[in-house]
Amino acid sequence: MMVSHSLSVNPVSASSSCSCSCSGVSAFTIVSGVSSVSIPRRRSISSLTLTGRRRESRGREFVVKAKNMTIAELTRGEEEEEDEEGEGPPLMVESARVSQPRRIALFVEPSPFAYVSGYKNRFQNFIKYLREMGDEVLVVTTHEGVPDEFHGAKLIGSRSFPCPLYQKVPLSLALSPRIISEVAKFKPDIIHASSPGIMVFGALAIAKMLCVPIVMSYHTHVPVYIPRYTFSWLVKPMWLVIKFLHRAADLTLVPSTAIARDLQAYKVTTANKIRLWNKGVDSESFHPRFKSHEMRLRLSNGEPDRPLIVHVGRLGVEKSLDFLKRAMDRIPEARIAFIGDGPYREELERMFFGMPAVFTGMLQGEELSQAYASGDIFVMPSESETLGLVVLEAMSSGLPVVAARAGGIPEIISPDQEGKTGYLFSPGDLEDCVSKLEPLLHDRELRERIGKAAREEMEKYDWRAATQKIRNEQYNAAIWFWRKKRAQLLRPIQWLAKRLFPSPQLNCR
């Protein structure tokens with residue numbers, strides 16, 4: 001049986017008569033809006049061609065979207081487990097069609113307005129462009145430093161407490177009656193929560209209370225951090241917690257394919273429910289034009305003519321910053337500036353005492369833009385970056401990058417771009433790292449060429465496009481998965497209803 005793209009389906013009631021022959025059949029359903037019509041199908045039909053795709057019937061029930069004529073198979077019985085692993089939303093859902101404005105509730109921990117981390121710019125730009133695209137946005141986050149408004153989004157601060165193992169990270173469950181009431185009054189179409197953390201549990205509970213889809217975006221690779229801050233035996237329980245959360249979610253967003261592979265390896269959720277949150281960078285805020293002689297004087301401790309290495313980010317033990325001490329011992333002619341703060345700062349200051357190193361603390365706004373643009377080289381020794389947004393910002397600022405070949409970094413500087421937009425070294429390999437740093441330190445023309453190429457590469461990525469993909473594709477997929485799960489939960493009730501209240505047989509002639 002062939003169905004063309006031009007098929008027009010008028011919804012009819014179940015009691016309508018039809019002119020087809022209906023002997024010995026199993027049905028598929030053509031859907032338009034809410035109404036539907038059951039159209040029988042002969043057992044001899046072995047396949048169905050629709051929108052250029054062939055699907056084996058094998059006694060399944062088909063749902064045919066009338067508008068774009070795509071098929072989603074809702075499998076039954078023994079095939080359900082296979083379907084969970086391999087079945088995804090139909091093409092119509094995955095397409096980049098423009099979605100109608102939605103009401104989106106974001107649960108972000110810690111606050112993207114007060115706590116400086118890799119995802120701060122990601123969420124701020126995400127909120128900004130969601131608002132520009134016409135969506136209503138409610139943001140629930142930790143209470144410190146929450147502004148009155150942000151691009152028209154409604155902001156709610158939830159009372160927080162410091163993380164026992166990382167005092168500068170505020171945590172909050174966000175499950176107080178006040179927050180539940182505010183979210184319920186907002187009537188979200190979808191809830192999006194950052195993960196892992198404490199607030200994601202509150203977001204999940206509220207999503208279940210309100211019966212709305214929930215998307216979780218994975219930003220911090222906690223199992224990698226645990227051995228550095230506490231006991232290694234806690235890694236396995238942490239994976240179980242992550243698995244519990246993300247199996248309850250309708251979709252999981254990850255910042256890089258490397259993290260997606262890790263989540264798949266630990267069977268956190270089914271592969272078809274893990275999607276990439278595309279990288280982006282604010283190429284106007286991070287630009288070579290912000291280069292400043294005054295900032296360079298500050299970062300080089302009054303020696304602006306010396307080669308200047310810059311590192312931006314949270315100063316935590318998991319960032320492998322002690323590795324840079326050994327690297328700097330090998331290149332005494334260079335100066336290094338650490339921009340950022342964190343629990344490891346005091347230890348690093350003691351480690352670098354007497355060396356040409358500057359610790360600026362937190363910088364924001366134009367000062368941060370100047371700090372990037374005023375350096376010569378950006379270095380990133382961390383092996384635990386889920387993506388490495390600071391690497392994107394450095395490249396956008398026109399700096400050549402030397403980074404560990406680990407986590408999400410190789411997706412920024414791909415193998416075919418090594419030596420063109422930056423350099424990668426084997427994690428923990430001092431000789432490899434120094435061999436990449438030294439040519440850049442001594443060859444200004446090489447630095448400028450790679451920095452220019454890095455800037456041109458970063459101009460391809462913008463937050464608007466990344467936000468549009470989440471909004472128009474990934475959220476649609478999450479809603480599809482949520483509806484499918486709900487339909488599966490209703491099947492026993494539907495089965496019972498059919499037996500208690502059997503529908504009359506259609507007499508087709």
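Read-outs: derived from the displayed coordinates by stated rules, not from any lab. Just so you know, these numbers come straight off a predicted model, no measurement behind them. Using ideal geometry, Cβ is built from the backbone for each residue, glycine included, and neighbour counts are taken over all protein chains shown.
Using the Kirkwood formula over every pair of different C-alpha atoms, what hydrodynamic radius in Å results for region 215-307?
For region 215-307, the Kirkwood estimate is 16.4 Å.
Only sites in a loop by DSSP and with at most 10 other Cβ atoms within 10 Å count here; which chymotrypsin sites (Phe, Trp or Tyr not before Pro) in region 185-252 make the cut?
Those satisfying the criteria are Phe231.
Quick check: pseudo-label points 7 Å beyond the Cα along Cα→Cβ at Lys498 and Glu303, how many nm apart are they?
8.0
For a quick check: with amide H placed at 1.01 Å from N, whose amide H comes under 5 Å from Glu385's, ignoring anything fewer than 5 positions away on the same chain?
Amide H to amide H, under 5 Å and 5 or more residues apart or across chains, Glu385 pairs with Gly408.
Give me, ordered by chain and number, the residues 5 or more places off Ile190 or on other chains with an amide H under 5 Å from its own placed amide H.
Long-range HN contacts for Ile190: Arg103, Ala105.
What percent of all Cα-Cα pairs in region 288-458 falls in each 10 Å bin, counting up from 0?
In whole percents, the pair-distance histogram is 11, 44, 39, 6.
What is the sum of charges, Lys and Arg at +1 and Asp and Glu at -1, for the other residues whose Cβ falls under 14 Å from the Cβ of Ser158?
Details: positive: Lys154, Arg159, Arg178; negative: Glu109, Glu144, Glu182.
That sum, taken over residues with Cβ under 14 Å, equals 0.
First select every other residue whose beta carbon is under 10 angstrom from the beta carbon of Leu251; then total the charges, Lys and Arg +1, Asp and Glu -1.
Counting the neighbours of Leu251, the net charge comes to +1.
If you rank Leu299, Leu210 by fewest surrounding Cβ atoms within 10 Å, what's the result?
Numbers: Leu299 25, Leu210 16.
Starting with the residue having the fewest Cβ neighbours, the order is Leu210, Leu299.
Can you pull out the trypsin sites (Lys or Arg not before Pro) in region 456-507 whose DSSP state is coil and whose Cβ has at most 11 other Cβ atoms within 10 Å? Could the numbers behind the result be given before it?
Numbers: sites: Lys460, Arg464, Lys469, Arg471, Arg483, Lys484, Lys485, Arg486, Lys498, Arg499; in loops: Lys460.
Here the sparse-neighbourhood loop sites are Lys460.
Separation between the Arg464 and Gln264 pseudo-spin-labels, each 7 Å from Cα along Cα→Cβ, expressed in nm?
In this crude spin-label approximation the distance works out to 3.3 nm.
With θ taken as phi - 60° and the coefficients 6.51, -1.76 and 1.60, list the Karplus ³J(HN,Hα) couplings across region 240-252 in order, rounded to whole Hz; mark glycine and proline as x.
Once rounded to whole Hz, the list reads 5, 5, 4, 4, 4, 5, 7, 6, 7, 7, 8, 7, 10.
If packing is taken as the average count of other Cβ atoms within 10 Å, what order do 262-270, 314-322 fall into, highest mean first?
The packing order, highest mean first, is 314-322, 262-270.
Which pairs break 18 Å Cα to Cα here: Lys208/Lys498; Lys236/Lys267; Lys236/Lys485; Lys208/Lys485; Lys273/Lys485; Lys273/Lys319?
Too far apart for the 18 Å limit: Lys208/Lys498; Lys236/Lys485; Lys273/Lys319.
Cut-off is 10 Å between beta-carbons; in what order do Asp282, Asp148, Asp429 appear when sorted fewest neighbours first?
So the residues, fewest neighbours to most, are Asp148, Asp429, Asp282.
Nearest 0.05, what FRET efficiency do Leu430 and Gln488 give at R0 = 35 Å with Cβ-Cβ as r? Provide the component values of the computation, followed by the final result.
Values: r = 54 Å, r/R0 = 1.55.
Efficiency for this residue pair is about 0.05.
Just flag the GluC sites (Glu not before Pro) in region 133-215 sitting in loop per DSSP whose Cβ has no more than 16 other Cβ atoms within 10 Å.
Glu144, Glu149
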